[in-house]
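**Q** Below you will find the structure I want to go over with you.
Every number here is computed from the coordinates shown, using simple stated rules; none is lab data. Source: prediction; values computed, not measured. Please note: Cβ atoms are built from the backbone with ideal geometry, for glycine as well, and neighbour counts cover all protein chains shown.
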Amino acid sequence: MAALRSVWALVCVCLLIGLSGCGGKPADGSSELRGKLLLQGKPIEVAGRQVGIGRVILRFIPVDAGVEPVQTDVAADGTFLINAGIGNGQGGIKPGKYKISVVADESGKDKLQGAYTPEKTTIVKDILADGQELVIELKP
């Protein structure tokens, strides 16, 4: 009976240790970022989105060296999410200053005519803490 209690106690300790790794922020300081991308107050419409050949892509390019760029797709309603990968330490975006490029891909053509490529974009945003909501309004 004492051996069974010892085994049960060991199982409980292992479960507690395993569960303590879940939740919290990733060890690399990455955060989740939610937001909305708008053009003249509305989500960007791209032909072919329904069949998977049109999409809107946001790319966050760090101003400071040593941080990797992050890219995400924008949903039809204009929303986007960069998930911090809570619990597995992957994904997310590190706090800092980023240039933001946008491509509205319609069958290989940029609906925005290259106005927001990494070389031409004038959008620069500070990404702060976990849970930040960012609204990006493009100028026509």
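**Q** Could you list, ordered by first residue, the pairs with Cβ atoms under 7 Å in which the first is in the stretch 47-71 and aromatic (Phe, Trp, Tyr) and the second is surrounded by 13 or more Cβ atoms within 10 Å (Cβ to Cβ), at least 6 apart or interchain?
**A** Correct list of pairs: Phe60/Pro69; Phe60/Val70; Phe60/Ile93; Phe60/Tyr98; Phe60/Ile100.
**Q** Among all residue pairs at least 6 apart or on different chains, which show Cβ distances below 6 Å where the first residue, located in the stretch 126-140, is farther than 12 Å from Leu39 by Cβ and free of Cβ contacts under 8 Å to residues at least 40 places away in the same chain and the second is assigned to a strand (DSSP E or B) and of a type in the set (A, V, I, L, M)?
**A** none
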